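Just so it is clear, none of the values below were taken in a lab; they were calculated from the coordinates. All figures in this text were calculated on a predicted structure; none of them were measured in a lab. Cβ coordinates were reconstructed from backbone atoms using ideal geometry, including for glycine residues, and neighbour counts include every protein chain displayed.
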Amino acid sequence: MSDLCLVGHIKDCVVHHNYARGQVVAGRTFTQPGGFCGRISGTQTNAIENFWDVQTSGQPDSACGTGLYTEAMQSMVSYNDWDFEAAWRICEGTNYPRLLWEPRLPGDFVCPDGVGIEDLMVLADAWLLAAADLPGDIAPDGGDGVVNLLDFAVLAENWLMDTD
């Protein structure tokens, strides 16, 4: 079992444009994990524009990479040299970078980047339920504890729009 940072040990390779956001714990054989990388060795190692979320990882240090708080990890300005035209996309303040080819998240109403039938299905599953943290409870801003016509109006306003 190895540590659960994104990269346990980097040796003589190039690692660029990556991020880690998961919780990091020490493994049985490697007890010094880092937020992005546990250990670097070799003379040909080059780590460029790599990041880790210090809040979600629980790790203040890393052998390489830049530690950022969640808010900064979810902001395009933190990723200076990343290509947000042809390779990556991000919804400011709501999620981490995603490759353009990755499927969009169903029920992502906060950042409607292509609202479609999968989003309507999420909203329909929660229709008229009253509970905290419902996935379709998006209106008024921040939700009101029930999925109803206000939420449907936000969905309809963004229907089949693609912001890419």
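Could you rank the peptides 33-43, 137-147 by their average count of other C-beta atoms within 10 Å per residue, with the highest value first?
Values: 33-43: 20.0, 137-147: 16.1.
Most protected by this proxy first, the peptides run 33-43, 137-147.
For Cα pairs less than 8 Å apart in space and 6+ apart in sequence, what is the mean separation divided by the residue count of the stretch 8-79, i.e. the relative contact order in percent? Can you show the working numbers first?
Details: 151 pairs, mean separation 24.7, N = 72.
Dividing the mean separation by the residue count of the stretch 8-79 yields 34 percent.
Skipping prolines and chain starts, which residues have an amide H placed within reach, meaning under 5 Å, of the one on Gly67, given they are 5 or more residues away or on another chain?
Here the answer is Trp52, since their amide H atoms fall under 5 Å of that of Gly67.
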